[in-house]
Amino acid sequence: RSTLFPYTTLFRSTNRAPFSFDFWIVGEDIVRGIEGALHVLARVREGRFASEALRDSGSAMAPGDLSLAASLVYIVLRREEMWRHIVGGFLRSGDSRSRGGGGRSPGRPAAGGRLPPQIADCLLVGAAGLLELRHFAGGVLVNGLLEHLKNEGQGRFVSLVNAVLHAVGERGSERVEALRRSATLEDRALWAGVPVWSLPAWTKSWKRSELNELFDLMRIPSASSLRVSPGRADALKDLLREGGLEPEPSDIPGALRLQGTVLPTSLPGYERGWCTVQTEGSLLVASLAERFWREGPILDMCSGRGVKTGQILQSLPGARMECWELSRGRHLSAAREMRRLGVEARAELRCGNALELEPREAPTLVLLDAPCSGSGTWSRKPESKWQLSWSRFDRLVSVQKDLLARALDLCAPNGIIIYVTCSLLRQENENVVAEVLSGRADGVEVPSPWGASGPFRRGRPWGAYIWPASPWLDGFYC
């Protein structure tokens, strides 16, 4: 322990308790990974997606530093409310005083009773890392955080952070296990990483047994699946293996599975347009366009970054699409995506409000991938759930109703509208469809082509759900 260990050695250590942090000497590479994680968390607090912030930081970090930073960021964000609960418990109870608090009660860490955001994030990273990383030496992590605080001129908080994280290391696992075993839904939500404020919406959507199953599934780490461009399967597999990745076949034709998550731009063949990182739930949803389209223009009302758009155009060589997107940034990303895939000639991308734009022609098929809570993707995009509130949720539901009514107004007679959310909450799904259709005589539900087996669940009574039953599947409603 008196040496600067390489990552391969650090990640083999499983000595988790008791903790003797004073014996660890921390190398600059570890500190850089920790600093990277804290930097990304700060960007997330500003409203950025963690994946985007990591991608922006990646060019300035070595692969090992980036790997450590990404691991720390995502284990914090997946169960941030639980980490706050555990750390807050030690701060309030004063359990850490025996380790030395620099004369200040941990229950009153600063004037006004609130820790500075940077110190709070250090505690969250430390707690999550100690209790979640199974093959990383806890002492290295804690000393790295303390070193970072000293480098940032926050030395007055070193004793407090050290004391709290000692308490977390010694007794935090017991508190996590108590939440897991608890019979109360609130504790189970904390353990699963489900925002407690959202529990009323969940209990109105699913039975208790279904919720327990869902909360267990939300603890499964996500993995990447790839959509393979037509004619590129064999060449892509060879490229992936040369790059150290071992792709596995998917249950969905034209898709591959990876064992972990990847940054799209790091994938062999990505820049050539040979593959696209896309969840299997998203693949299934977009495949409905191929199933129902006959001829005529397709309208993608909320095209986002163009992932589903690209899939539809690749699977339907004779189709033309008009794509609307409100966000300028996502609109530009979609344009890059169409060029990367070589389908830009058949996609007209327009930046604007889908409630105001007029299509060039009445579409015979409308894909409405409506903005939503994203509750089916919280495992993959955990930062989004902590940015929600009841007021924002209610605004989303109102927008969903307006967009679906607008789709009915725009669609050509006998055309098809595919209403999609990546949410598992009825308020955004069956309730929206029921309310919109109840006031109109010009729309009827087309029976879902999906049954009630495998990853599929029937809506009550409208539509169908994709259950997040594997690391490659996110939850969707259609």
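The values are calculated or read from the model by the stated rules, or taken from the named source; none is laboratory data. Note that the coordinates shown come from a computational prediction; the quantities given were computed from them, not determined experimentally. Cβ atoms come from the backbone with ideal geometry, glycine included; neighbour counts cover every protein chain shown. To get the accessible areas, we keep the full protein, side chains included, count just its heavy atoms, and leave off ligands, DNA and RNA. Shrake-Rupley method; radii C 1.70, N 1.55, O 1.52, S 1.80 Å.
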Checklist entry - In the full protein assembly as shown, how much of CYS122 is accessible to a 1.4 Å probe, in Å² to the nearest 10? => result 0
Next on the checklist: With angles folded into 0 to 90 degrees, how steeply does helix 80-93 sit against the dominant principal axis of the chain? Use alpha carbons for both and round to 10.
Outcome noted: 30
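At most 15 other Cβ atoms within 10 Å and a DSSP loop assignment: could you name the trypsin sites (Lys or Arg not before Pro) in region 332-400 that fit?
On the way: sites: ARG336, ARG339, ARG340, ARG346, ARG350, ARG360, ARG380, LYS385, ARG392, ARG395; in loops: ARG360, ARG380.
Here the sparse-neighbourhood loop sites are ARG360.
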Checklist outcome for this item: Checked region 152-298 against the a/c 1.5 cut and the a/b vs b/c comparison, axes a ≥ b ≥ c from its Cα gyration tensor; verdict oblate
Checklist entry - What is the helix-to-structure angle for 390-410, meaning the angle in degrees between its Cα long axis and the longest Cα principal axis of the chain, kept from 0 to 90 and rounded to the nearest 10? => result 20
Checklist entry - Which ³J(HN,Hα) values, rounded to whole Hz and listed in residue order, are derived for region 470-475 from phi using the Karplus coefficients 6.51, -1.76 and 1.60 in 6.51 cos²θ - 1.76 cosθ + 1.60 with θ = phi - 60°, glycine and proline given as x? => result 8, x, 9, 9, 9, x
Next on the checklist: Rounded to two decimal places and with Rh computed the Kirkwood way over Cα pairs, what is Rg over Rh for region 371-476?
Outcome noted: 0.98
Item to check | Cα centroid of region 335-351 to Cα centroid of region 298-333, whole Å | outcome: 7
Checklist outcome for this item: The distance between the Cα centres of region 413-468 and region 192-213, in whole Å, is 20
Checklist entry - Taking H as built 1.01 Å from N, whose amide H comes closer than 5 Å to the amide H of THR261, not counting residues under 5 places away? => result SER224
Checklist entry - Taking a probe of 1.4 angstrom, what is the accessible area of MET321 in Å², to the nearest 10? => result 10
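Show me the ranking of peptides 430-438, 126-134 by mean Cβ neighbours inside 10 Å, starting with the highest. Before the final figure, lay out each step's value.
Numbers: 430-438: 17.6, 126-134: 21.9.
Result, highest mean first: 126-134, 430-438.
Mind checking the per residue accessible area of the chain for me, 1.4 Å probe, whole number of Å²?
Details: 21100 Å² over 478 residues.
Result: 44 Å² per residue.
Tell me, what % of the accessible area of the chain is carbon and sulfur with a 1.4 angstrom probe? Write out the running numbers ahead of the final one.
Details: 10630 of 21100 Å².
That fraction is 50 percent.
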Checklist entry - What whole number of Å gives the distance from the Cα centroid of region 373-412 to the Cα centroid of region 252-271? => result 27
Checklist outcome for this item: quick note, the chain, DSSP beta bridge pairs, % antiparallel (nearest 5) is 45
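Let me know the shape class of region 436-478, please: from the alpha-carbon gyration tensor, a ≥ b ≥ c as square roots of the eigenvalues, rounded when a/c is under 1.5, otherwise prolate if a/b is greater than b/c, or oblate.
Numbers: a/c = 3.47, a/b = 2.46, b/c = 1.41.
It is prolate, given that a/c is not under 1.5 and a/b is the larger ratio.
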Item to check | Principal-axis tilt of helix 158-181 within the chain, Cα atoms, nearest 10 degrees | outcome: 50
Item to check | Shape call, the chain: gyration tensor on alpha carbons, a/c limit 1.5 | outcome: prolate
Checklist entry - Among the lysines, which have Cα under 23 Å from the Cα of LYS385 when same-chain residues fewer than 8 positions away are ignored? => result LYS204, LYS207, LYS308, LYS401
Checklist entry - Roughly how many Å² of LEU165 are accessible to a 1.4 Å probe, to the nearest 10? => result 0
